[in-house]
Amino acid sequence: MARACRMAPLLVLALLLLVAAAASGIRVDVIRLPSSSSAPPPLPPSPAFREAPAFRNGDECPTRGSPDGRVDVAMTLDANYLRGTMAAVFSILQNTACPENVAFHFLAAAASADNGGDPDPLAAIRATFPYLAPSVHRFDPSRVRGRISRSVRHALDQPLNYARIYLADTLPTNVRRVIYLDSDVVVVDDVRKLWSVDLGARHVVAAPEYCHANFTKYFTDAFWSDGDLSAAFRGRRPCYFNTGVMVMDVARWRRGGYTRRVEEWMAVQKRKRIYHLGSLPPFLLVLAGDIRPVDHRWNQHGLGGDNIEGRCRSLHPGPISLLHWSGKGKPWLRLDARKPCTVDYLWAPYDLYKAAATALEE
């Protein structure tokens, strides 16, 4: 009886609230708690990225959609590196005079239904850049999975890391030249300058070239002690170049059978272990010493530190057009951990990530 008396005021209060709501037109919904036999409904996903502003062409630019002045940029689309991809796209659009003439091509390994609960990278790109019309090209991981050899970092062994080898087979035939970029870059200059590099009459790839680097360290002693293998560099002066920033003549790549040539060296690697670094060394074996050099300002690489420790590195001297966090350390991870390197603050202005706590505060 005493319990009923204690409950009476609560019932009266509830009735008063319902009457007041009816009089004022306010809708009162009954909240039904889930039964013990059913799981609670999933929370709606919070927006992961802020919407970027629309970027429009300057007066000097060709009409949007015109093949004149079009710049084709290819990147892989991976949920693990999506935050870096967003920053890279944002930086390209913000720093070019003709953003509407940049055509983005994303190489994706799987449809969103196969992501196993991971965010849909393509949906995120379209929501963040609603004015873009990106092309998405399916890259079949099975094409390369059996060719991959274990390297010094697990991230380098993922099939999408090898997708750059298959650009010419993946992109439509009307794409004759493309800039390939890794997801850990930001472009702080007009990307059209890189696009316009002269490949000459025969070169297939243009990239910054580093001839002062110790080229021998990219291959094992077994490679250099084998005269037949090391003869691959006979007649050319091989120099290191980073495959995370390349201008590729796609048509020449197809005609020259370069995909097959890179795959042949990957097959040698499976048998004899001639290198340690993912997809880079077979590119060097085929192309080092035979590329069109580009000014070093277009790849300030190594900002992620080395491939083992990820220690902080400083900028190289000279002008900068592209910053590249190659190496183990990624700026978004170090910033989130509140252990950033100084160079990571150069990446932060292009970060469109919206944390759930920030979204609730806005």
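Some notes on this structure:
- Å² per residue, accessible surface of the range 228-362 at 1.4 Å: 47 Å²
- Here the convex hull built on the C-alpha positions of the range 270-362 has a volume of 153 cubic angstrom per residue.
- Placing R0 at 30 angstrom, the Cβ-Cβ distance between L315 and A97 gives a FRET efficiency of 0.75 after rounding to 0.05.
- Subset of K270/K339; K217/K330; K193/K217; K272/K339; K217/K354; K193/K270 violating a 30 Å alpha-carbon distance limit: K270/K339; K193/K217; K272/K339; K217/K354; K193/K270
- Accessible area of the range 290-362 belonging to carbon and sulfur atoms, whole % at 1.4 Å probe: 53 percent
- Sulfur and carbon atoms: percent of accessible area, the range 143-216 [1.4 Å]: 48 percent
- Residues S196, S279, ordered by accessible area of protein heavy atoms at a 1.4 angstrom probe radius and largest first, appear as S196, S279.
- Taking every alpha-carbon pair under 8 Å whose residues sit at least 6 apart, the range 275-344 reaches a relative contact order of 28 percent.
- Label-point separation, R255 to A231 (7 Å along Cα→Cβ), nm: 2.9 nm
- Carbon + sulfur, % of accessible area of the range 217-265 - ligands and nucleic acids excluded, 1.4 Å: 43 percent
The values are calculated or read from the model by the stated rules, or taken from the named source; none is laboratory data. Since we're looking at a predicted model, the values are computed, not measured. Here Cβ is always computed from backbone atoms with ideal geometry, including for glycine, and neighbour counts include all displayed protein chains. With ligands, DNA and RNA removed, areas are computed over all heavy atoms of the protein, side chains included. Shrake-Rupley method; radii C 1.70, N 1.55, O 1.52, S 1.80 Å.
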